[in-house]
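First up is the structure itself, then whatever we jot down about it.
The values are calculated or read from the model by the stated rules, or taken from the named source; none is laboratory data. The structure presented is a predicted model; accordingly, all values stated were derived computationally and were not measured. Ideal geometry is used to build each Cβ from the backbone, glycine not excepted, and the neighbour counts take in all protein chains shown. Quick note on the areas: whole protein, heavy atoms, side chains included, nothing else; ligands and nucleic acids left out. Shrake-Rupley method; radii C 1.70, N 1.55, O 1.52, S 1.80 Å.
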Amino acid sequence: MDNTGKRYNAFTGYFKKVYGERLQKVVIDAGFTCPNRDGLVGVGGCTFCDNAAFHPGYSVPGKPLSQQIDEGIEFHRVRYRNARRFLAYFQSFSNTYASASRLEELYREALSHPDVAGIVIGTRPDCVDEEKLDLLQTLAKDNIVIVEYGIESCYDKTLARVNRGHDFACAQRAVRMTAERGIPVGAHFILGLPGESAQMMLEGAALINELPLKSVKFHQLQIVKGTAMEREFAENPSDFECFTLDEYIDFICDLLSRLRPDLYIERIAGEVPPRFVSRTPWGLIRNAELLHLLDKRLEERDIWQGKALGASL
């Protein structure tokens, strides 16, 4: 059991424990794109993706980063009154997809804000190299620097089907190269991508455990309007593992039991504004309620993170 009383290693309180203070992420959009959108490795982007569904209204490309940060801080201070320092979260698209010199300019601009303690960089595994990681290592000497990789699946067949443009080996290399430089690494995975059974997703836990990750985010697949995934789902719904809410909570319990206990669990599900999705099979349930249901089910089933690996509670 973690120090919050939960049966899994919850990310809540991580920043205070590691960095000595509460830190709140402020999403910013630096105007990046992705190599599977501009033709470098593909066109059209990932079949499930519409970035507009995943970032707040104050985060708009073309708006100065300092303005986005100011507006983001104002937005979050209403909800998180105890937050005094913030992390600039480069979230939209692939935030290492530029030259190292351009990246340094953008990262230093964000870090120059007086209320910003560090940066969190969301990107793809195929958009980093030695030069870019050396830059991040340099910045990390005086600032908090965290990298989050969108890995999405452990299976190459799935990655190809969703037009990801890289394989799992690419993700393994990127995570290891980053961790070797002492930079905390997080990863994002989508649960329910076409062609993957629940058993396949559970077996992927062993591959996740082998990666030198600090944290993981899991999101259930949400069918976003206007995406290629929406058309694929309409044509072949039987190719998708469609969890009911109860089934998903049980699945997360089983998944947690297979994950090594030191991994921080940052998310178990994602929230997309209802106007963006074509179906809401769970209604309008919020993440806080999902976490409550998870805590209750873990207790009922006497499951905890790492139990299947022999970890004690």
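Table for the structure above
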quantity	calculated
Inter-residue pairs, beta-carbon under 9 Å, first without any contact (Cβ under 8 Å) to a residue 40 or more places away in the chain and closer than 15 Å to residue 243 by Cα and in segment 277-294, second charged (D, E, K, R) and assigned to a helix (DSSP H, G or I), 6+ apart	none
Residues of segment 236-248 satisfying the condition of being farther than 20 Å from residue 273 by Cβ and surrounded by 19 or more Cβ atoms within 10 Å (Cβ to Cβ)	241, 243
Residues (open to solvent by less than 90 Å² (accessible area, probe 1.4 Å) and in a helix (DSSP H, G or I)) located in segment 268-297	274, 276, 287, 288, 290, 291, 293, 294, 295, 297
Set 204, 186, 150: member being without any contact (Cβ under 8 Å) to a residue 60 or more places away in the chain, open to solvent by less than 20 Å² (accessible area, probe 1.4 Å), of a type in the set (Gly, Ala, Ser) and not in a helix (DSSP H, G or I)	150
Which numbered condition residue 163 fails, given (1) at negative phi; (2) touching a Cys at 6+ places or on another chain (Cβ under 6 Å)	(1)
Residue list for segment 298-311, filter: open to solvent by 40 Å² or more (accessible area, probe 1.4 Å) and either in contact with a Pro (Cβ under 9 Å, 6 or more places away or on another chain) or touching a residue at least 12 places away in the same chain (Cβ under 8 Å) (or both)	299, 301, 307, 308, 309
Number of the condition not met by residue 159 [criteria: (1) of a type outside the set (Phe, Trp, Tyr); (2) surrounded by fewer than 19 Cβ atoms within 10 Å (Cβ to Cβ); (3) free of Cβ contacts under 8 Å to residues at least 12 places away in the same chain]	(2)
Subset of segment 216-235 (residues that are open to solvent by 20 Å² or more (accessible area, probe 1.4 Å), out of contact with any helix residue (DSSP H, G or I) (no Cβ under 7 Å at 6 or more places or on another chain) and modelled with pLDDT of 90 or more)	217, 219, 221, 222, 228, 230, 231, 232, 233, 234, 235
Residues of segment 75-105 classified as open to solvent by 10 Å² or more (accessible area, probe 1.4 Å) and either among the hydroxyl-bearing types (Ser, Thr, Tyr) or in contact (Cβ under 8 Å) with a residue 60 or more places away in the chain (or both), total	11
